[in-house]
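Colleague: Got a structure here, written out as structure tokens. Questions coming.
Bear in mind that the values in this text are calculations on the coordinates, not laboratory data. Since we're looking at a predicted model, the values are computed, not measured. Virtual Cβ from ideal backbone geometry, glycine too; neighbours counted across all protein chains shown.
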Amino acid sequence: MTHHELTSDDIQPTGDDGLDPRTADGWEVLVEHDPGLWIALPARWPHQGHDTARSWIAATVRDVVARTAAPTRAGKKWLVKVLDRLATWQTPNELKFMYLPSLSSELSLLRIQFGLVYGDREATLRELVLESDLPGIEPSVLEDVTTDSLGLGVYGLRYAELDGGITVTSIFAFRSGPFDLRVTCDVGPPEFVPVKVPVARAFVDGISVVRAT
């Protein structure tokens, strides 16, 4: 297992809500994950000992190829293109991971978005799960979810139309320490739900908000 972290020093003011990011000084979001399943995308440079996207992409491709039973040249070229696009996608207050155990696996993007706590806990967490740029086919059914590190949160699946088909997103929201967190994972078509949702749930178990040491 390995971990990725983003500290409160990286928090940027957003919107006009008047929140002061300095009130979160001394806190950090830690993510413990299996590097054989997930690729930690760069939130900033340097990243994982790499100063540039080029060296990180090369190392990442080597890692994925090494755990692929029968890698192809086309598969390697595809992964280079994907990582090249994602390497420059840095967003304030966000960590991104890509689920890709091998070149033959179905890719999923997982995003951890967080900001300073604001408003009523229950209402805010429900809103974080329900908000979306893609209108859902039907309202998401919300459930309580609990992890040892983040405590009680809210969870839901969103089914939406995309490119002529149906796509599913797994969404979690928690309030922990000074942060409200929203975790989304692209599941893909509905038939992937039984496989991908447990994977996303296991990933969320590795997220924690702790005081920096």
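Colleague: Are there any pairs with C-beta distances below 7 angstrom linking a residue in region 165-188 that is under 21 Å from LEU100 (Cα atoms) to a residue that is acidic (Asp, Glu), with the two at least 6 apart or on different chains, and if so which?
Modeller: Short answer, once both residue conditions are applied: THR169/ASP186; GLY188/GLU106.
Colleague: I need the full set of residues from region 84-106 which are touching a residue at least 40 places away in the same chain (Cβ under 8 Å), aliphatic (A, V, I, L, M) and in a loop (DSSP other than H, G, I, E, B), in order please.
Modeller: Matches in region 84-106: ALA87, LEU100.
Colleague: Tally the residues that are more than 30 Å from TRP27 (Cβ to Cβ) and under 16 Å from the mean Cα position of the chain (by Cα), restricting the search to region 142-186. Walk me through it before giving the result.
Modeller: Restricting attention to region 142-186, the residues satisfying the condition of being more than 30 Å from TRP27 (Cβ to Cβ) are 159-168.
Now narrow it down to the ones that are under 16 Å from the mean Cα position of the chain (by Cα): 168.
Residues in region 142-186 being more than 30 Å from TRP27 (Cβ to Cβ) and under 16 Å from the mean Cα position of the chain (by Cα): 1 in total.
Colleague: Output the residues belonging to region 110-138 that are assigned to a loop (DSSP other than H, G, I, E, B) and among the charged types (D, E, K, R).
Modeller: ASP120, GLU131, ASP133, GLU138
Colleague: Next question, about the same structure. Looking at region 146-158 only, could you name the residues that are without any contact (Cβ under 8 Å) to a residue 40 or more places away in the chain and either of a type in the set (S, T, N, Q) or buried (at least 17 other Cβ atoms within 10 Å of the Cβ) (or both)?
Modeller: Residues of region 146-158 that are without any contact (Cβ under 8 Å) to a residue 40 or more places away in the chain, as a first pass: 146, 151-156, 158.
THR146, GLY153, VAL154, TYR155, GLY156, ARG158 - these are the residues of region 146-158 that are without any contact (Cβ under 8 Å) to a residue 40 or more places away in the chain and either of a type in the set (S, T, N, Q) or buried (at least 17 other Cβ atoms within 10 Å of the Cβ) (or both).
Colleague: If the Cβ limit is 7 Å and pairs must be 6+ apart or interchain, which residue in region 118-137 that is free of Cβ contacts under 8 Å to residues at least 40 places away in the same chain pairs with which residue that is of a type in the set (Ser, Thr, Tyr) and part of a loop (DSSP other than H, G, I, E, B)?
Modeller: The qualifying pairs are LEU130/SER140.
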